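Notes for the one structure printed next.
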Amino acid sequence: MDRSTEDRFTSLMQKIDYLNNISQTLSWDMRVMMPKDAAEYRGREMGFLAGQIHELETSSEMDFLLGELEALPPENEILQAMVKKARYTYDRLSKVPEGLYAAYADHNLKTEHVWACAREQNDFQMVLPYLKKEFAYKKELISCAGFADDPVTGLMDEWEKGTTRQQIDRLFDELKDQLVPFVAKLRMEPSPDLSVLKGRFPKEKQKAFCHEVLQAVGYDFDKGRVDEGAHPYTTFNFRKDIRFTCRYFEDDFTRAVLSSLHEGGHAIHWQNMGPELDGTTLAVSTSLPIDESQARFQENILGRSLAFWEHFLPVAATYFPELEGLSPECFYRALNALHVSPIRLTSDELTYNLHIIMRYELEKALFDGTLSFEELPAAWNEKIKDYLGVCPKNDAEGVLQDMHWFSGYICYFHSYVLGNCYDGHFLHAMKKDIPDLFGQVRKGDFSQILDWNVKHIHRFAATKTPDQVLMDSTGEKLSADRYIKYLKDKYTEIYRMQGEM
Ligand SMILES: [Zn+2]
């Protein structure tokens with residue numbers, strides 16, 4: 001292999017990596033710091049950067065270098081992974097006719113705006129034509145990548161390469177079959193006492209407490225920062241600069257803690273990617289579901305565990321005196337009480353999965369044409385009623401509640417539940433390697449958990465496929481079984497039910 005070909009390729013990839021990171025920082029600034037009046041010009045700057053990245057990713061130089069490097073694959077594994085990733089992007093982008101992306105991006109902005117008004121006014125009809133077009137654009141774009149017959153698989157493939165509709169159908173059918181009757185049974189049981197969660201929790205104290213929690217689980221404040229923001233999110237820059245935002249509610253401090261653990265979970269994942277991957281475009285999560293698994297592990301498996309609160313409730317009481325003397329067990333039961341609601345974001349760990357599954361089923365039906373867009377609000381309400389036994393008061397609480405479909409995140413929701421299924425496997429394997437796992441959490445010691453995650457998941461970033469990460473760390477193939485068992489064990493214990501369910 002001609003050295004200069006490799007050098008030309010790595011320097012091209014480094015340029016793309018720099019531009020991506022710059023764009024991430026600008027976008028963080030836009031959401032957290034930027035003066036309001038700068039929005040329009042910043043939009044143009046971001047558009048310019050996106051155009052530059054697109055140009056490099058689809059350039060004739062890229063085409064040439066990929067051809068050369070594929071004909072005589074480099075021995076270096078990192079370089080091989082870079083070539084594969086760049087090829088995927090090149091093929092996806094270069095087949096889209098000129099102008100289509102720009103037209104779609106323009107439509108997307110409009111749809112997002114109309115959705116916000118439609119939700120405020122509880123008027124689905126207002127956004128209906130935009131939503132139809134949004135799906136049509138997605139179908140057209142994914143057809144260019146060769147998925148004309150199966151847009152659902154094509155769109156999911158963008159979040160985790162290799163995901164198929166058949167695979168998700170199988171996982172979700174199993175989850176649904178097990179969880180729908182389980183939730184119905186739990187609802188017959190008396191609810192845990194929720195009053196233990198109530199109080200006034202000053203924002204500044206919440207910030208200090210969350211800081212302490214984040215430090216304990218391994219978030220490195222020298223390589224990131226946490227700011228206040230209306231919509232919690234993590235910005236994925238270079239591994240030494242992974243920031244996130246959090247929102248604080250003064251009547252419930254647990255929301256900020258769980259949200260910090262979620263975003264912190266993403267951030268810890270990114271902070272611990274291998275240093276050898278700097279500037280390669282591979283220092284990113286291998287897939288969105290794996291990324292989500294890391295966030296959900298911190299939020300749900302650790303942050304909603306009894307052991308976690310056995311350690312942190314007394315610590316929280318030093319910030320919030322009203323918590324003094326509370327039993328961690330009562331607190332844990334209240335924190336995990338079922339909250340069967342038409343709203344996804346306020347639901348509990350268990351029913352959350354059903355909110356996602358129904359969205360996935362509706363997406364499929366819309367693409368298949370078995371459901372019309374006009375029928376969507378009614379179909380939405382019917383599914384929520386079937387799975388959870390509740391009905392939204394109106395469309396604002398129903399089909400209009402999430403921004404995702406209206407800002408182009410279609411066939412995206414499933415990633416959250418896929419992340420949960422990964423966690424079922426990771427937890428099982430971690431418990432084998434660290435038998436005293438929750439004993440350590442009870443002591444506030446998260447070091448072995450962090451080491452396990454770094455060793456098996458974080459450091460590889462995008463150099464391994466999700467299948468490889470799972471197989472190498474657990475020896476297993478993806479299934480919903482372990483996650484279902486985790487949920488059933490946990491909720492059976494919380495609701496103190498007897499025997500098998
Ligand atoms: Zn997340």
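The values are calculated or read from the model by the stated rules, or taken from the named source; none is laboratory data. What you see is a predicted model; the values in this text were computed from it and never measured. Virtual Cβ from ideal backbone geometry, glycine too; neighbours counted across all protein chains shown.
The set of residues from the stretch 31-41 being at pLDDT below 90 and either surrounded by 13 or more Cβ atoms within 10 Å (Cβ to Cβ) or not in a helix (DSSP H, G or I) (or both) comprises just one member, ARG31.
For the stretch 149-161, the criterion of a residue being in contact with a Gly (Cβ under 9 Å, 6 or more places away or on another chain) and surrounded by 15 or more Cβ atoms within 10 Å (Cβ to Cβ) is satisfied by at least one position.
Might you check whether a residue that is polar (S, T, N, Q), more than 16 Å from the ligand (Cβ to nearest atom), in contact (Cβ under 8 Å) with a residue 12 or more places away in the chain and within 30 Å of SER305 (Cβ to Cβ) occurs anywhere in the stretch 388-397?
no
Scoring LEU437 on the criteria (1) free of Cβ contacts under 8 Å to residues at least 24 places away in the same chain; (2) surrounded by fewer than 20 Cβ atoms within 10 Å (Cβ to Cβ); (3) not charged (D, E, K, R) leaves a single failure, condition (2). Of all residues in the stretch 254-286, those satisfying the criterion of being of a type in the set (A, V, I, L, M), more than 19 Å from LEU345 (Cβ to Cβ), within 15 Å of the ligand (Cβ to nearest atom) and in a helix (DSSP H, G or I) are ALA267, ILE268. Take TYR219 and tell me if it is surrounded by 14 or more Cβ atoms within 10 Å (Cβ to Cβ), within 16 Å of the ligand (Cβ to nearest atom) and touching a residue at least 12 places away in the same chain (Cβ under 8 Å). When the stated conditions are applied, TYR219 passes them.
When you check SER447 against the structure, is it surrounded by fewer than 15 Cβ atoms within 10 Å (Cβ to Cβ), more than 16 Å from the ligand (Cβ to nearest atom) and under 25 Å from ASN108 (Cβ atoms), yes or no?
Values: surrounded by fewer than 15 Cβ atoms within 10 Å (Cβ to Cβ): yes; more than 16 Å from the ligand (Cβ to nearest atom): yes; under 25 Å from ASN108 (Cβ atoms): no.
No; evaluated as a whole, the condition is false for this residue.
With respect to GLU204, determine if the residue is free of Cβ contacts under 8 Å to residues at least 40 places away in the same chain, surrounded by 23 or more Cβ atoms within 10 Å (Cβ to Cβ) and not β-branched (Val, Ile, Thr). Even if it seems obvious, please write down each step before you answer.
Values: free of Cβ contacts under 8 Å to residues at least 40 places away in the same chain: yes; surrounded by 23 or more Cβ atoms within 10 Å (Cβ to Cβ): no; not β-branched (Val, Ile, Thr): yes.
So GLU204 fails the test.
Of all residues in the stretch 306-332, those satisfying the criterion of being under 21 Å from ALA208 (Cα atoms) and outside any helix (DSSP H, G or I) are PHE320, GLU324, GLY325, LEU326.
For the stretch 287-332, a residue qualifies if it is within 15 Å of the ligand (Cβ to nearest atom) and among the hydroxyl-bearing types (Ser, Thr, Tyr), and the qualifying residues are SER287, SER293.
One line per residue, one yes/no per condition, for (1) under 26 Å from PRO275 (Cα atoms); (2) crowded, with 17+ Cβ neighbours inside 10 Å; (3) at pLDDT 95 or above:
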| position | (1), (2), (3) |
| --- | --- |
| PHE209 | no, yes, yes |
| PRO232 | no, yes, no |
| PHE236 | yes, yes, no |
| PHE244 | yes, yes, yes |
| GLU250 | no, no, yes |
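Against the conditions (1) in contact (Cβ under 8 Å) with a residue 60 or more places away in the chain; (2) within 22 Å of GLY439 (Cα to Cα); (3) not acidic (Asp, Glu), SER285 satisfies every one except (2).
Residue check: is VAL257 within 19 Å of the chain's Cα centre (by Cα), under 17 Å from PHE320 (Cβ atoms) and modelled with pLDDT of 95 or more?
So VAL257 passes the test.
With the condition kept exactly as written, say whether any residue in the stretch 396-412 is over 24 Å from GLN178 (Cα atoms), modelled with pLDDT under 95 and surrounded by 19 or more Cβ atoms within 10 Å (Cβ to Cβ). The answer is yes; a qualifying residue exists.
The condition (being buried (at least 16 other Cβ atoms within 10 Å of the Cβ), assigned to a helix (DSSP H, G or I) and of a type outside the set (Gly, Ala, Ser)) is satisfied by just one residue among GLN80, GLN24, GLN52, GLN14: GLN24.
Every condition in (1) surrounded by 12 or more Cβ atoms within 10 Å (Cβ to Cβ); (2) within 24 Å of TRP159 (Cα to Cα); (3) not β-branched (Val, Ile, Thr) is met by PRO97 except one, and the failing one is (1).
Are any residues in the stretch 120-137 among the basic types (Lys, Arg) and crowded, with 22+ Cβ neighbours inside 10 Å, and if so, which ones? Result: no residue meets the conditions. Taking the stretch 403-428 as the range and being part of a loop (DSSP other than H, G, I, E, B), within 14 Å of the ligand (Cβ to nearest atom) and closer than 29 Å to LYS485 by Cα as the test, the residues that pass are TYR412, PHE413. Name every residue in the stretch 445-500 that is closer than 21 Å to LYS85 by Cβ and not in a helix (DSSP H, G or I), in order of residue number. Result: ILE457, LYS464, THR465. May I ask you to verify whether PHE308 is of a type in the set (Phe, Trp, Tyr) and closer than 18 Å to ASP423 by Cα? Judged against the criteria, PHE308 is a match.
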